[in-house]
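Report on one structure; see the data block that follows.
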Amino acid sequence: MPFTISYDRFGGPDVLTVTETDLPEPAPQEVRVKVKAAGVNPLDNKIRRGDLAGVFPAQFPIVPGLDAAGVIDAMGEAVAGFTVGDEVFGVAPGGSYAEYVLMPAPVAKPAALPWEIAAALPTVGETAFRALKHLDLAPGRTLLIHGAAGSVGAIAVQLATARGITVVGTAGAGDVERVTALGATVVPYGPGWRERVRAAAPQGVDAVFDTSGAGVLADSVDLAGGPDRVITIADMNAAQHGVRLTGMDPADRAPEALPELAALAAADKLTVEIWRTYPLKEAAKAQDDLDNRRNRGKVILLP
């Protein structure tokens, strides 16, 4: 029988268990995918811990994960544009830590795109794309990205610089070289970061994208000249500062991002760093890496 990773209570990585399950049957507009790779995201850990219970009410047991890439092996009768055997990637709303998942909106995977990269892209890539879409910066403007070394921040740096936007990014000392290579001017985070940003961008900052949730919104609003020029994906206190928090509303998505991101990555025009892969049955170790911030790049599960 196929298996999934699931949990029946909130807690640490140790609540994750390997569970045998029936083969899922696709609804009329879904495809069933035999998973080749599944992405691990900080969101998975936050839900597992119960941090977002008010946003994502628990219906145990929960199969964690959203991002997956694999091969279609069954289709609902209303699916058009795909055939059994097609290589796809996308979001599995029922959980992606599994040997087989159901996808309501698969995206064709370019042949040149490795499975691990395809599985890494959906959540972080769409998030970066969506934030830039909301900020709507013209070429020549300056964007500050908090957490530029993270998976979302690194993609946002590359997308923004490719559009002619000047990027200043906060990052740790160990990530300066890597983020600089992506096209950003890097300033160390920590006390005094605002003054360092002013020195790095004497022309001023036109917008701020916070991926860190590190309590930087008040100063970011001041730098950008108003809360409407700041967006966050990580600070739950955004409303106190009049800042938009994006990602909590499922309707607030940019599905058009995935084909574009896949094409860029397949053409080596977008770098998505894979830090480590784990067998699917070692999902608890993978999530523990994220809990303890050991990773420098994406963690991927391989069934």
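The values are calculated or read from the model by the stated rules, or taken from the named source; none is laboratory data. Everything numeric here is computed off the predicted structure, so don't read it as measured data. Cβ sites come from the backbone with ideal geometry, for glycine too, and all protein chains shown count toward neighbours.
Structure data summary
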{"item": "Candidate set from the range 278-303 (those that are on the phi < 0 side of the Ramachandran plot, under 16 Å from the mean Cα position of the chain (by Cα) and modelled with pLDDT under 95); member that is surrounded by the most Cβ atoms within 10 Å (Cβ to Cβ)", "result": "Asn295"}
{"item": "Identity of the residue in the range 172-182, surrounded by fewer than 16 Cβ atoms within 10 Å (Cβ to Cβ) and under 21 Å from the mean Cα position of the chain (by Cα), that ends up nearest to Ala149 (Cα to Cα)", "result": "Gly172"}
{"item": "Unmet requirement for Asp249, which otherwise passes all of (1) of a type in the set (Asp, Glu); (2) modelled with pLDDT under 95; (3) outside any loop (DSSP other than H, G, I, E, B)", "result": "(3)"}
{"item": "Restricting the range 194-221 to residues that are touching a residue at least 24 places away in the same chain (Cβ under 8 Å) and assigned to a helix (DSSP H, G or I), the residue that is nearest to Ala239 (Cα to Cα)", "result": "Leu217"}
{"item": "Set Lys46, Lys36: member being among the basic types (Lys, Arg), touching an Asp or Glu at 6+ places or on another chain (Cβ under 9 Å) and assigned by TED's automatic domain parsing to the domain that holds Lys298", "result": "Lys36"}
{"item": "Test for Ala239: is it in a helix (DSSP H, G or I), over 15 Å from the mean Cα position of the chain (by Cα), more than 17 Å from Val205 (Cβ to Cβ) and assigned by TED's automatic domain parsing to the domain that holds Gly192", "result": "yes"}
{"item": "Where a residue in the range 260-286 is touching a residue at least 12 places away in the same chain (Cβ under 8 Å) and its partner, wherever it lies, is among the aromatic types (Phe, Trp, Tyr) and assigned to a helix (DSSP H, G or I), with Cβ under 9 Å and at least six apart", "result": "Glu260/Phe129; Leu261/Phe129"}
{"item": "Filter result (part of a loop (DSSP other than H, G, I, E, B) and either in contact with a Ser or Thr (Cβ under 6 Å, 6 or more places away or on another chain) or closer than 23 Å to Gly247 by Cβ (or both)) within the range 17-51", "result": "Thr21, Asn41, Gly50, Asp51"}
{"item": "Which numbered condition Met1 misses (of (1) among the aliphatic types (A, V, I, L, M); (2) without any contact (Cβ under 8 Å) to a residue 24 or more places away in the chain; (3) crowded, with 18+ Cβ neighbours inside 10 Å)", "result": "(3)"}
{"item": "Residue that is farthest from Leu137 (Cα to Cα), among those in the range 228-244 that are buried (at least 20 other Cβ atoms within 10 Å of the Cβ), without any contact (Cβ under 8 Å) to a residue 40 or more places away in the chain and not small (Gly, Ala, Ser)", "result": "Asp235"}
{"item": "Residue within the range 89-99 that is crowded, with 16+ Cβ neighbours inside 10 Å, polar (S, T, N, Q) and at pLDDT 95 or above present", "result": "yes"}
{"item": "Residue in the range 81-92 that is without any contact (Cβ under 8 Å) to a residue 12 or more places away in the chain, outside any strand (DSSP E or B) and in the same structural domain as Ala284 (by TED's automatic domain parsing) present", "result": "yes"}
{"item": "Every residue from the range 244-303 that is hydroxyl-bearing (Ser, Thr, Tyr) and either within 25 Å of His134 (Cα to Cα) or in the same structural domain as Ser212 (by TED's automatic domain parsing) (or both)", "result": "Thr246, Thr271"}
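So that you can scan it fast, the table gives a plain yes or no per residue for (1) modelled with pLDDT under 95; (2) more than 24 Å from Val107 (Cα to Cα); (3) out of contact with any helix residue (DSSP H, G or I) (no Cβ under 9 Å at 6 or more places or on another chain):
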| residue | (1), (2), (3) |
| --- | --- |
| Tyr7 | no, yes, no |
| Val18 | no, yes, no |
| Leu23 | no, no, yes |
| Ala27 | no, no, yes |
| Asp44 | no, no, no |
| Arg49 | no, yes, no |
| Ala53 | yes, yes, no |
| Gly70 | no, no, no |
